[in-house]
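Everything below concerns the one structure shown next.
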Amino acid sequence: MIGTRSQSSESTDSTRLDSGAATPLVAIAPGALVKLECNNPGGSHKARAARHIVRRALERGEIVPGKTTVIEKTGGSFGFGLTLACAELGVSVELAVGLGFSATKRRCLEIFGAKLIGLDLLHAGATPREVVEHRLANAPALGKHYYYTDQFHNPGSVEAHEQETGPEIVAQLRARREIERVTFVACAGTGASLTGIARCLLAAGYRTNVILVEPEGCRSRDGTFVEHRFEGMAVGVTPPLLDWTLVTETRAVTFDAAMSVQRRIAQTQGYFVGNTAAACLSVALEQARTIRSPGHTVLTLVYDHGLWYVGVQ
């Protein structure tokens, strides 16, 4: 996977799950650890939620191979996970992807096997949600039996990170026996990964602070949003799956500051991280420089890699 290195010794001893090897947890700087979620199939942490949601729907009989079409609105990453999770079942996937999202992601989603829907409606000004609602309302006429994964309101999104990502991180942290306290730096689209991982850290006994990273000018909690170029966070709605009681503080990041960190990490560490990951890294590295206390580490995620966004910066 582009933007990754070989797995570290800490991660090779980690929990093994039916999804395969845990993604690596590596030191990016003194006092700062990153979870390389870009190593997941499909290239992002969203593969976990997509896989979990599809499997649970299959168990409940809501997805029937050969009959059901999975449908979702997505900026891309969740769509890759859905396409891969459904391919092994022989289930087709239709995605409504906003025109403002990375064109590279859009092209690659089709290569992976997804069908992009509603382009005429999107060009006419419809939102991806309206495209999905239109398809669902006209399913009989289209000859479709849809299952709408609805990632923004599906509790399976949180379950995936509480049952998979979080336990992986805890196992990897325990290999570093000196760690007692964690400052977890994360952003939120749905809020599922932040919530699931933070709950696991607390349940494992780590003293945990959570810093929510947002684009400058956005305040998701009170519904204040401005236009920005960070795909996947502060997406225009208050994160519906975010447990705000877990958030200790919020930090704002400019796009230029994040891109400066992205270039520096690429040049010095060999990781080409995505834009939201770079935003989180900018805060995480600042925290690591100021904390410097024994037993205390800063943790963040590389949600995806930077190649998706080349040409859109």
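The values are calculated or read from the model by the stated rules, or taken from the named source; none is laboratory data. Computed from a predicted structure; not experimentally measured. Every residue, glycine among them, receives a Cβ derived from its backbone with ideal geometry; neighbour counts consider all protein chains shown. Quick note on the areas: whole protein, heavy atoms, side chains included, nothing else; ligands and nucleic acids left out. Shrake-Rupley method; radii C 1.70, N 1.55, O 1.52, S 1.80 Å.
Of the conditions (1) of a type outside the set (Val, Ile, Thr); (2) under 19 Å from GLU159 (Cα atoms); (3) surrounded by 15 or more Cβ atoms within 10 Å (Cβ to Cβ), ALA203 clears all except one; give me its number.
(3)
Does the range 285-300 contain at least one residue that is in contact with a strand residue (DSSP E or B) (Cβ under 7 Å, 6 or more places away or on another chain), open to solvent by 60 Å² or more (accessible area, probe 1.4 Å) and small (Gly, Ala, Ser)?
no
Which of the residues belonging to the range 245-273 are basic (Lys, Arg) and under 19 Å from the mean Cα position of the chain (by Cα)?
Across the range 245-273, the qualifying residue is only ARG251.
Would you list the helices (runs of 4 or more DSSP H) that sit entirely within the range 131-208 and hold 3 or more residues that are within 23 Å of ALA22 (Cβ to Cβ)?
By residue number, 156-160, 166-174, 192-203.
Condition first: among the small types (Gly, Ala, Ser) and at pLDDT below 95. Now tell me which residues in the range 91-112 satisfy that.
Listed by number, the residues that qualify are GLY98, GLY100, SER102, ALA103.
If you scan the range 47-102, which residues turn out to be among the β-branched types (Val, Ile, Thr) and either in contact (Cβ under 8 Å) with a residue 40 or more places away in the chain or outside any loop (DSSP other than H, G, I, E, B) (or both)?
Answer for the range 47-102, where residues must be among the β-branched types (Val, Ile, Thr) and either in contact (Cβ under 8 Å) with a residue 40 or more places away in the chain or outside any loop (DSSP other than H, G, I, E, B) (or both): ILE53, VAL54, ILE63, VAL64, THR68, THR69, VAL70, ILE71, THR74, THR83, VAL93.
Which residue is nearest to GLY306 (Cα to Cα), if the candidates are limited to the range 76-88 and must be open to solvent by 50 Å² or more (accessible area, probe 1.4 Å) and over 18 Å from the mean Cα position of the chain (by Cα)?
Only one residue fits best here, namely ALA87.
Scan (1) open to solvent by less than 60 Å² (accessible area, probe 1.4 Å); (2) on the phi < 0 side of the Ramachandran plot for the single condition GLY236 breaks and write down its number.
Just one mismatch for GLY236, condition (2).
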